[in-house]
1. What residue, of A117, A148, is more than 18 Å from A55 (Cα to Cα) and in contact with an Asp or Glu (Cβ under 8 Å, 6 or more places away or on another chain)?
2. Of all residues in region 10-58, which are under 24 Å from the mean Cα position of the chain (by Cα) and either open to solvent by 60 Å² or more (accessible area, probe 1.4 Å) or hydroxyl-bearing (S, T, Y) (or both)?
3. Among the numbered criteria (1) modelled with pLDDT of 95 or more; (2) in contact with a strand residue (DSSP E or B) (Cβ under 8 Å, 6 or more places away or on another chain), which one does I39 miss?
4. Looking at (1) in a helix (DSSP H, G or I); (2) without any contact (Cβ under 8 Å) to a residue 40 or more places away in the chain; (3) open to solvent by 60 Å² or more (accessible area, probe 1.4 Å), can you tell me which one A294 breaks?
5. Return the total of residues in region 314-330 being open to solvent by 50 Å² or more (accessible area, probe 1.4 Å) and either modelled with pLDDT of 95 or more or of a type in the set (A, V, I, L, M, F, W, C) (or both).
6. May I ask you to verify whether T179 is open to solvent by 30 Å² or more (accessible area, probe 1.4 Å) and among the hydroxyl-bearing types (S, T, Y)?
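The values are calculated or read from the model by the stated rules, or taken from the named source; none is laboratory data. All values derive from a computational prediction rather than experimental measurement. Here the Cβ positions follow ideal geometry from the backbone for every residue, glycine too, while neighbour counts run over all protein chains shown. Ligands, DNA and RNA are stripped out before the accessible areas are found, and what is left, the full protein with its side chains, is counted by its heavy atoms. Shrake-Rupley method; radii C 1.70, N 1.55, O 1.52, S 1.80 Å.
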Amino acid sequence: MTDHRVEGAIMDVATMTTARLTPEERFGWWHDMTASTLIPTAMGSDRAADFEASARVLNLGDVQVSDMAYPMLTVARTPRLIRRADPGYVQLSLTLSGNMGLSQLGRQALLGSGDLAVYSSSEPFDGWAGPEGAAPVRQLLLHLPRAALPLTAEQVDRVAGTRIPGGEGFAALLVQFLTHIARNPQQFGPQDAPRLSTTLIDLLSHTIAQRLDALPALPPESRERSLLLQVQDFVRGHLQDPDLTPDTVAAAHHISTRSLHRLFQRHGLTVAAWIRLQRLESCRRDLADPRLAARPIQAVAARWGFSRPADFTRAFRAAYGMPPSEYRRGASPPVAVTGRRAGKAPERAAASRH
């Protein structure tokens, strides 16, 4: 087992694995680790004799993200365990690979890749997870106090034990945001933790409220932050549209252009500058891709909405400190003047459930 914690320069991350334990020690250690890191449960496995598992836990303060992998497993949060101690947590499970089942409050959910499920430490639940083929079960787990959500206990309980498709509405935004953080913790520092926590809480709250048709009941500041995320996701999906403007973005979200500008300004942004930055980042990734080395720079620029080559060259130089031709020739990825790192594309991630 290793418990390697990195703090200071990057986010607080603990990486743990059963690899250095003897086969006989592994399952007991995993059981105790999840009980202390997450919530106490009764756990069993047909693979207990040699339980190979790993976890990477990102500490964001009140909110915790766990990226986990393990073989076949059953868990139960029993009334006895609840009477012994109830920390009052809500957990969100995102299945990345394998199959899972969850039962709470008389409801049962069967979960496959991309599915979400919410459950509470305050009510008994049963769960199981099994791999598909030789690969382990992989799951992301979002763990936070119930009191952090701007929802009543009754509202949270109404969605507990139900399958939430991860490709629809706010759930899709939550999946994207959660997986990006889990895959790329090195992109964030301790100072980013409060903002990341707030965004995860907002997206989880909106995911639950959307299932209950209760979005208007959420606090105005939470609705505003989630609207900004929706708008930004829309922009990323339409960067190739040369007619993408603040007017078209506002119309797509049924708000006035003036309201759109105010929304961005309250977060220290301007709409046009943010769209331009996303287009430049898309161009930068294409220019760094060896598979696109034969594509003319003008074609790369046009693909992402820059119709005038001279304008693109000036904007690229201003953002990255060199012209696009020099960048393509193999210069080290520069840091944009915005302070955003021109890093690598996100790698494929994996996780699992407790």
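1. A148
2. T15, T17, T34, S36, T37, S54, R56
3. (1)
4. With (1) in a helix (DSSP H, G or I); (2) without any contact (Cβ under 8 Å) to a residue 40 or more places away in the chain; (3) open to solvent by 60 Å² or more (accessible area, probe 1.4 Å) applied to A294, the lone miss is (1).
5. Total satisfying the criteria: 1.
6. Spelling it out, it is not the case that T179 is open to solvent by 30 Å² or more (accessible area, probe 1.4 Å) and among the hydroxyl-bearing types (S, T, Y).
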